[in-house]
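Below is one structure, written out as structure tokens, with a few remarks after it.
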Amino acid sequence: MANGLIPPAPPFQYPVSWGPDMPPDHQAVWALKVALAYFFIGLGSMIIAVTALNDSRIAVTATGNVNPLDSIRDVSKFKLSLGLTSLIAVILGLVLLVLDAGKPATAWEIITYGIEYGRWESWMFLGTIFLSVLVLVTLIYIGIWLGGINRIFSKLTSWYVVKGGFYYSRYVLIALALIFGILGASYGGVLFSLTNIALWRNPIIVILFPVSGLSSAAAVGMILTFLIKDVNVRESNLILWSTIDLFSEIGEAILTALFLYIGILNPDSAISVQQVLYGRYSAYFWTLVVTLGLAIPMLLEIVMHKISPYKYKYIVPIITILVLVGAASLRYYVVIASAYYYSPLSPFTPIQLQFPWGTTWGE
């Protein structure tokens with residue numbers, strides 16, 4: 001084994017602490033790839049959760065003189081785009097995590113090892129299971145709305161949309177999408193909070209990550225509503241996603257402030273927070289996260305609700321871009337600022353067999 005490291009024989013405890021327990025020459029800083037990975041995972045997870053939850057209220061709406069079949073095709077394109085965006089985002093996040101691994105070729109062993117040795121308490125293992133189920137549910141959801149466009153999937157669409165003997169069974173799929181969407185979006189925050197890195201051992205991060213993911217998902221949902229041709233259906237969906245985005249941004253702003261406040265009260269993480277608020281990263285944080293990612297989008301959404309729907313097309317793309325930039329930047333500075341206490345360590349380094357190793361290191 002590389003560098004003389006020999007993994008201890010099971011059973012053993014999973015590492016929830018990396019810095020103090022690993023030799024300095026084995027450290028690897030979590031940085032951009034990890035931050036972007038959890039940004040995409042949060043985005044994709046919350047998109048499918050919100051759109052499926054909305055289906056529980058009403059799957060397809062026909063308004064005015066619109067033919068119900070035309071309405072189904074119209075909304076199918078919108079729902080299909082949401083499902084595809086969710087799937088692509090989650091897969092992209094998983095790919096970035098694998099690329100960050102020191103031995104990406106064996107990253108799949110996180111599942112087989114967890115099952116073989118019953119390590120159900122590991123959030124790396126649990127997170128992988130959550131996201132795997134979410135991908136499967138999203139594929140089914142994509143197939144459902146493909147039926148509104150392609151006859152091959154029409155029976156699946158009819159089961160989900162048209163009332164019948166199994167009409168209410170679709171709530172099982174909606175519940176799975178909602179539950180695993182929230183779990184997938186929360187996974188990164190829980191994993192971070194279990195480390196021994198002071199900045200991350202903050203309970204607010206467990207809520208901050210999914211709320212930030214919800215804001216990003218709503219921003220993407222807003223711009224995808226332009227795929228709907230029916231003006232009334234498009235406007236009702238746009239107002240829904242915009243309202244979700246506005247309230248989630250308010251929540252994200254409050255949680256970010258609480259996260260930093262709690263962090264600065266801890267002597268071990270205070271230096272990291274100082275670097276974010278008025279140190280090395282302050283100009284970027286106040287510009288990308290606070291101003292562009294939160295303040296301006298909230299103001300634009302308030303303005304948007306007071307103008308003609310025909311002017312939405314000029315504002316929505318700006319809101320979407322700014323919200324996504326802010327959410328990605330927030331995760332980046334949460335990840336990178338912790339290096340000011342001690343270098344955060346990736347559980348995936350070139351000298352490890354991925355996550356299964358314990359905290360006993362032999363030379």
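Structural remarks
- The helices (runs of 4 or more DSSP H) found entirely in the range 15-132 that carry 1 or more residues being of a type in the set (Phe, Trp, Tyr) and at pLDDT 75 or above are 32-57, 68-100.
- Condition met for TYR314 (crowded, with 21+ Cβ neighbours inside 10 Å and more than 16 Å from ASP245 (Cα to Cα)): no
- Residue in the range 195-202 that is open to solvent by less than 10 Å² (accessible area, probe 1.4 Å), among the hydroxyl-bearing types (Ser, Thr, Tyr) and at pLDDT below 90 present: yes
- Verdict on GLY251 being modelled with pLDDT of 90 or more, within 27 Å of VAL137 (Cβ to Cβ) and touching a Gly at 6+ places or on another chain (Cβ under 6 Å): no
Conditions (1) in a helix (DSSP H, G or I); (2) touching an Asp or Glu at 6+ places or on another chain (Cβ under 9 Å); (3) open to solvent by 40 Å² or more (accessible area, probe 1.4 Å), marked per residue:
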residue: VAL276; (1), (2), (3): yes, no, no
residue: ARG280; (1), (2), (3): no, no, yes
residue: GLU301; (1), (2), (3): yes, yes, no
residue: LYS306; (1), (2), (3): no, no, yes
residue: ILE321; (1), (2), (3): yes, no, yes
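The values are calculated or read from the model by the stated rules, or taken from the named source; none is laboratory data. What you see is a predicted model, and the numbers here were worked out from it, not measured in a lab. Here the Cβ is made from the backbone with ideal geometry for all residues, glycine too, and neighbour counts use every protein chain on show. Heads up: the accessible areas ignore ligands, DNA and RNA and are worked out on the full protein's heavy atoms, side chains in. Shrake-Rupley method; radii C 1.70, N 1.55, O 1.52, S 1.80 Å.
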